[in-house]
Amino acid sequence: LDSPGAALSWSGAAGVVERGAGAQVTAQTAFRIASVTKTFTSAATHRLAELGRLRLDDPIAAHLLPATTALLRERGYEPERITVLQLLAHTSGLPNYDGAEYQQSVLADPGRRWTRREQVLFAFDRYAKAGAPGETFEYSDTGYNLLGEMIENKTGTHLGAAYRSLLGFDALGMSSTWMEAFEPAPPLAAGFARAYGDNGLDLRAVDATADTYGGGGLVSTVGDLTRFFRALLEGRVLSPASLASMQTQSLAPDSRLGRGLFLLPVGTQDCWGHEGFWGVGVYYCPASRTSVALTINLALFDERNQTDVSLATPTLAGELIARASGVD
């Protein structure tokens, strides 16, 4: 938690990295950030647009691998009508593979190495189209999976390296952020706290490829996340036009979701960030320059816990921001 206007900077941690091992987590401990990775995917896509490598209104057929374009056509989709922007905004009409059925499949075989194509097929084999491109909102990891392919196709490297170069990790001092499936942990990363389930499941064995390829996959720390989101929302990563694009909210009525960013109203100020499955959240409030990054390192499978607002990342983050920022 950091609020320069209130001369406040605080970090804390409780618990252990691994049950039974005794090692305590610290504020420097790394953890999987799940869907918070989508902000990095969106920012990298916007950066490619700034570099002239693609345009946001391009059809995705222009930037996907030929095999992926062929698969979309085989399954009744028209990649010439779906745009990059629609993938970013979750309005492409592609169904989301990452729901309860996918989670059950992952937990049934936690060591399985997933491929991008297998995840796309998981959606196509089970779910109908979400709607016509540009007309219907459905949060879709499938869409961000395809954005990840575009980034790799345009940069000629895996996502971890692409994020690092396109978004300037080194210049931002992000020494403890990496793509788990493709990169070794950096030397300065202090431990790695993986999540447990509220139903008692030990999720350490879940292979990183189950949540990667663009919709998830990064490992980071609260310090690195705070640095990145502050820089992004202060205009030090992308141009003002690209940042405004990321903050453009979706078609869904009363949606908090932009193109890779969530809006979190706290009193009269607007804060921007993202949330992730493992109890992860990070937000920055430009008006008060207050930032917060947190994880409860707990996957909520029990429906009673899923509806408990006291465990919800936006609730926890909003309370911390309201207390720290001094802005109503």
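Here the relative contact order of the chain, from alpha carbon pairs under 8 Å that lie six or more residues apart, stands at 24 percent.
Below 8 Å, C-alpha to C-alpha, sequence gap of six or more: please give me the relative contact order for the range 67-144 in percent. After rounding, I find 48 percent. Between amide H atoms placed 1.01 Å from N, distances below 5 Å from Gly216 occur with no residue 5 or more places distant or on a separate chain. The calculated FRET efficiency for Asp57 paired with Leu188, based on their beta-carbon distance and R0 = 51 Å, is about 0.80.
Taking the accessible area of the range 1-130, probe 1.4 Å, and keeping the other protein chains in place, the carbon and sulfur fraction comes to 50%.
Which one of Thr136, Leu56, Ile33 is farthest out on the positive end of the charge dipole of the chain, using unit charges on Cβ (Lys, Arg +1; Asp, Glu -1) and the Cα centre as origin? Checked the options; the winner is Leu56. Here the calculated FRET efficiency for Leu251 and Glu80, from their Cβ-Cβ distance with R0 = 22 Å, stands at 0.55, rounded to the nearest 0.05.
Distant-in-sequence amide contacts of Cys271, defined by a placed amide H-H separation under 5 Å and a gap of 5 or more residues or a different chain, comprise Leu264, Val266. For the range 109-197, the solvent-accessible area works out to 41 Å² per residue, with a probe of 1.4 Å and every protein chain left in place. Quick one: plug the Kirkwood hydrodynamic radius of the range 153-253 (C-alpha pairs) into Stokes-Einstein at 37 °C, 0.692 mPa s, and report D in µm²/s. Reported coefficient: 211 µm²/s.
For the range 77-190, the Cβ-based charge dipole about the Cα centre amounts to some 140 debye (Lys, Arg positive; Asp, Glu negative; other atoms uncharged).
Convex hull volume of the C-alpha atoms in the range 107-194, normalised per residue: 159 Å³.
Label point of Leu298 set 7 angstrom out along Cα-Cβ; within the range 243-287, amide nitrogens under 18 Å from it belong to 276-282.
Taking one quarter of the surface of the convex hull spanned by the alpha-carbon atoms of the range 18-157 gives a direction-averaged projected area of 10.5 nm². The residues of the range 5-68 present an accessible area of 46 Å² per residue when probed at 1.4 Å with all protein chains retained. Here the label points at Asp207 and Arg117, each 7 Å from Cα along the C-beta direction, are separated by 1.5 nm in the simple model. Mind checking the log10 I(q)/I(0) for the chain at q = 0.14 Å⁻¹? Debye, one equal scatterer per Cα, no solvent, two decimals. Reported log10 I(q)/I(0), two decimals: -1.13. Phi angles of the range 179-187 translate, via the Karplus equation with coefficients 6.51, -1.76, 1.60 and θ = phi - 60°, into HN-Hα couplings of 8, 4, 6, 10, 10, x, 4, x, x Hz per residue; Gly and Pro are given as x. A simple spin-label model places pseudo-atoms 7 Å from Cα toward Cβ; at Arg126 and Thr315 they are separated by 2.7 nm.
The values are calculated or read from the model by the stated rules, or taken from the named source; none is laboratory data. Note that the structure is predicted; figures quoted are calculated from it, not measured. Neighbour counts run over all protein chains shown; Cβ positions are idealised from the backbone, glycine included. For the accessible areas, the whole protein counts, side chains as well, though only heavy atoms, and no ligand, DNA or RNA atoms are used. Shrake-Rupley method; radii C 1.70, N 1.55, O 1.52, S 1.80 Å.
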